[in-house]
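To keep things clear, I will list the structure first and then write my remarks on it.
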Amino acid sequence: MEFPEIYHIQGHQNGPTVVILGGTHGDEKNGIAFVERMIHVLGISDAVTRRNDVHGNIFIGIGNPAAVERESRYAQGPLDLNRCFDIDKIMSAPNKEDTLD
């Protein structure tokens with residue numbers, strides 16, 4: 001399915017913000033299928049949609065489109081997004097293995 005990375009559904013009044021991402025790992029198909037199904041069920045076709053039946057904002061999309069396209073856990077190299085939250089790793093300067101460029 002071809003679609004923008006993130007859709008924004010704007011509610012008709014203020015309220016909570018909900019973020020739904022599938023495809024953080026491109027080889028985990030359930031989240032991708034859920035996002036695709038929600039886009040279909042909600043009838044979303046534009047990157048930004050205003051809806052009268054929503055309060056607040058909903059952001060829904062694919063969290064790692066490069067990995068989804070590759071059908072791989074990683075977008076590039078061995079960078080595992082589940083392992084990027086180590087405080088020492090966050091506070092240190094990036095090294096070649098940790099970059100996606």
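Only one of the numbered conditions (1) farther than 19 Å from Glu5 by Cβ; (2) modelled with pLDDT under 90; (3) not aromatic (Phe, Trp, Tyr) is violated by Arg50, and that is (2). Residues in the range 64-77 that are part of a loop (DSSP other than H, G, I, E, B) and open to solvent by less than 40 Å² (accessible area, probe 1.4 Å): Asn64, Ser72, Ala75. Just give me the residues in the range 22-34 being modelled with pLDDT of 90 or more, buried (at least 17 other Cβ atoms within 10 Å of the Cβ) and either more than 16 Å from Glu69 (Cβ to Cβ) or under 8 Å from the mean Cα position of the chain (by Cα) (or both), in sequence order. Once the filter is applied, which keeps residues that are modelled with pLDDT of 90 or more, buried (at least 17 other Cβ atoms within 10 Å of the Cβ) and either more than 16 Å from Glu69 (Cβ to Cβ) or under 8 Å from the mean Cα position of the chain (by Cα) (or both), the range 22-34 yields only Gly22.
The values are calculated or read from the model by the stated rules, or taken from the named source; none is laboratory data. Being a predicted model, the structure only gives us computed values, none of them experimental. All Cβ positions, glycine included, derive from the backbone under ideal geometry; neighbour counts span all protein chains shown. These accessible areas exclude ligands, DNA and RNA; they are computed on the full protein's heavy atoms, side chains included. Shrake-Rupley method; radii C 1.70, N 1.55, O 1.52, S 1.80 Å.
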